[in-house]
Amino acid sequence: MQPKRILPKIFLTVGFIAVFLLFKYQAVLKKLVQFNINKAGVYSDNFLKEAGSAPKRLMPFVTTDKEAELKLSLGVPFIDFSGGDWREFWNIIYGVFPLDPPDASGLPQRLRQLTPEEVSSELIKLYPEAFSNFKEGDWKGFFETIFRQ
């Protein structure tokens with residue numbers, strides 16, 4: 001009968017110690033919980049590709065019409081594109097990338113789509129012979145072609 005009487009005393013002692021530790025370290029625990037909530041938020045935003053406040057560009061289900069239009073209107077380099085080139089091109093236009101620094105130390109980077117200026121810069125790097133001579137109006141027409149529904 002002795003173990004039955006000692007068990008409540010052990011639980012009561014452990015409970016008091018737990019309450020004391022929670023009270024003493026509540027600020028640290030609150031900070032840790034808030035950090036993990038922020039981290040989970042970044043991961044969920046990245047998973048859903050909804051990071052940032054800018055409207056998202058959605059890739060059309062079929063891109064062959066756009067590809068044909070680009071081949072006809074611009075020619076080089078689109079005429080010589082292979083399947084891999086098209087995948088890389090569409091990834092630059094519609095993909096998401098970890099470009100900005102994390103919101104806080106220890107948090108993952110948020111993913112976002114490239115801005116039109118960043119898209120043009122990436123395309124100039126990849127295909128300098130075709131895109132380095134583009135003027136402002138050329139880029140405007142290019143993006144209108146790309147994003148037209």
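The values are calculated or read from the model by the stated rules, or taken from the named source; none is laboratory data. All figures in this text were calculated on a predicted structure; none of them were measured in a lab. Cβ coordinates were reconstructed from backbone atoms using ideal geometry, including for glycine residues, and neighbour counts include every protein chain displayed.
Restricting E117, E129, E88, E122 to residues that are farther than 28 Å from L48 by Cβ and among the charged types (D, E, K, R) narrows the list to E129. Comparison of I93, I146 shows that the only residue that is at pLDDT 85 or above, in contact with a helix residue (DSSP H, G or I) (Cβ under 9 Å, 6 or more places away or on another chain) and within 29 Å of D45 (Cα to Cα) is I93.
Checked across the stretch 91-98, the condition of being in a loop (DSSP other than H, G, I, E, B) and among the hydrophobic types (A, V, I, L, M, F, W, C) holds for no residue.
Scanning the stretch 65-86 for residues that are surrounded by 14 or more Cβ atoms within 10 Å (Cβ to Cβ) and either more than 18 Å from I146 (Cα to Cα) or outside the structural domain of F147 (by TED's automatic domain parsing) (or both) turns up nothing.
Within the stretch 134-145, the presence of at least one residue that is outside the structural domain of V33 (by TED's automatic domain parsing), of a type in the set (D, E, K, R), surrounded by 11 or more Cβ atoms within 10 Å (Cβ to Cβ) and more than 25 Å from the chain's Cα centre (by Cα) is confirmed. Kindly provide the set of residues from the stretch 6-60 that are basic (K, R) and at pLDDT below 80, ordered by number. If the condition is that a residue be basic (K, R) and at pLDDT below 80, then K49, K56, R57 are the ones that fit. When you look at L123, is it touching a helix residue (DSSP H, G or I) at 6+ places or on another chain (Cβ under 9 Å) and not in a helix (DSSP H, G or I), yes or no? For L123, the condition - touching a helix residue (DSSP H, G or I) at 6+ places or on another chain (Cβ under 9 Å) and not in a helix (DSSP H, G or I) - is not met. The residue of the stretch 61-88 that is nearest to W139 (Cα to Cα), among those that are part of a loop (DSSP other than H, G, I, E, B) and either in contact (Cβ under 8 Å) with a residue 40 or more places away in the chain or acidic (D, E) (or both), is L74.
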